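The values are calculated or read from the model by the stated rules, or taken from the named source; none is laboratory data. This structure is a prediction, so every number in the text was calculated from the model and none was measured. We place every Cβ from the backbone using ideal geometry, glycine too, and count neighbours over all the protein chains shown.
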Amino acid sequence: MRLQINENHPEPRKIAQAVKAMRQGGVVAYPTDTVYGLGCDIMQKKAIDEVYRMKRMAKDQPLAFVCRDLSNIAQWAQVDDRAYRIMKRLTPGPYCFILPASREVPKVLMMKRKQVGIRVPDHPVPQALIAELGNPIVSTSASWEGETLWDPAEIDARFKGLAMVLEVDQTGDQPSTVIDLTGDEPTLIREGAGPADFLVG
């Protein structure tokens with residue numbers, strides 16, 4: 001089901017409809033400050049499994065958490081002062097940060113390295129979804145075999161079993177920039193929409 005939503009002022013009724021679907025174990029496609037994401041409630045194990053199935057991802061491929069802000073980041077990740085300063089400067093924005101996972105992270109999402117990706121997007125729709133849901137959204141980009149999908153109709157057709165596609169007229173054209181904050185120095189894993197000049201030198 002495709003549902004047009006106001007990207008600047010998301011209608012509360014439509015947000016509530018999407019969140020209801022997530023709470024019932026559904027996977028929702030939604031716009032972000034980078035590309036469309038596929039997301040579900042972090043507390044719904046079957047929905048997380050469904051995200052892996054939809055994208056034909058191996059279970060050792062990581063999924064990110066989309067959070068509203070950094071206020072409760074310590075619940076999901078171990079964050080030292082240096083990492084927190086970097087994240088605070090760059091969020092909300094088009095970045096995903098790799099951090100050591102906390103014990104609160106559901107086992108189904110725990111990688112062998114016990115790391116987790118954290119995103120705080122600068123976009124009203126995911127912000128509204130998280131606020132209504134009350135906890136992070138497990139998310140991955142709406143890509144298929146390495147190709148990012150931009151058209152909501154194609155996303156709806158490609159990912160069989162989506163509960164809903166929250167459709168806007170336009171999203172960004174690059175994925176997020178991924179920065180690993182688990183080592184002694186921040187490391188660029190993938191250059192995307194977020195500038196990474198500060199990592200040089």
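Within region 177-201, the set of residues being among the β-branched types (Val, Ile, Thr), in contact (Cβ under 8 Å) with a residue 12 or more places away in the chain and more than 20 Å from Asp80 (Cβ to Cβ) comprises just one member, Thr177. Report, by residue number, each residue of region 51-65 that is of a type in the set (A, V, I, L, M, F, W, C) and either within 12 Å of the chain's Cα centre (by Cα) or at pLDDT 90 or above (or both). Across region 51-65, the qualifying residues are Val51, Met54, Leu63, Ala64, Phe65. Scanning region 18-43 for residues that are more than 15 Å from the chain's Cα centre (by Cα) and among the polar types (S, T, N, Q) yields a single hit, Gln24. Within region 158-201, being surrounded by 13 or more Cβ atoms within 10 Å (Cβ to Cβ) and within 25 Å of Glu11 (Cβ to Cβ) holds for Phe159, Leu162, Ala163, Met164, Val165, Leu166, Glu167, Val168, Thr171, Gly172.
So, of the residues in region 98-119 that are more than 16 Å from Lys59 (Cβ to Cβ), out of contact with any Cys (no Cβ under 7 Å at 6 or more places or on another chain) and of a type outside the set (Ser, Thr, Tyr), which turns out to be modelled with the lowest pLDDT?
Glu104
Of the residues making up region 128-162, those that are in contact with a Cys (Cβ under 9 Å, 6 or more places away or on another chain) and of a type in the set (Gly, Ala, Ser) number 1. Every condition in (1) in contact with a Leu (Cβ under 6 Å, 6 or more places away or on another chain); (2) under 24 Å from Gly194 (Cα atoms) is met by Asp33 except one, and the failing one is (1). On inspection, Val66 passes the criterion of being under 17 Å from Ile130 (Cβ atoms) and in contact with a Pro (Cβ under 8 Å, 6 or more places away or on another chain). Of the strands (runs of 3 or more DSSP E) lying entirely inside region 104-201, the ones with 1 or more residues being within 14 Å of the chain's Cα centre (by Cα) are found at 115-119, 137-141, 177-180. Give region 66-81 a look and list any residue that's exposed (fewer than 12 other Cβ atoms within 10 Å of the Cβ) and at pLDDT below 90, or say none. Passing the criteria: only Ser71. Which residue pairs have Cβ atoms under 8 Å apart, sit 6 or more places apart or on different chains, and have a first residue in region 114-138 that is without any contact (Cβ under 8 Å) to a residue 40 or more places away in the chain and farther than 16 Å from Val19 by Cα and a second that is surrounded by 21 or more Cβ atoms within 10 Å (Cβ to Cβ) and of a type in the set (Ser, Thr, Tyr)? Filtered contacts from region 114-138: no entries.
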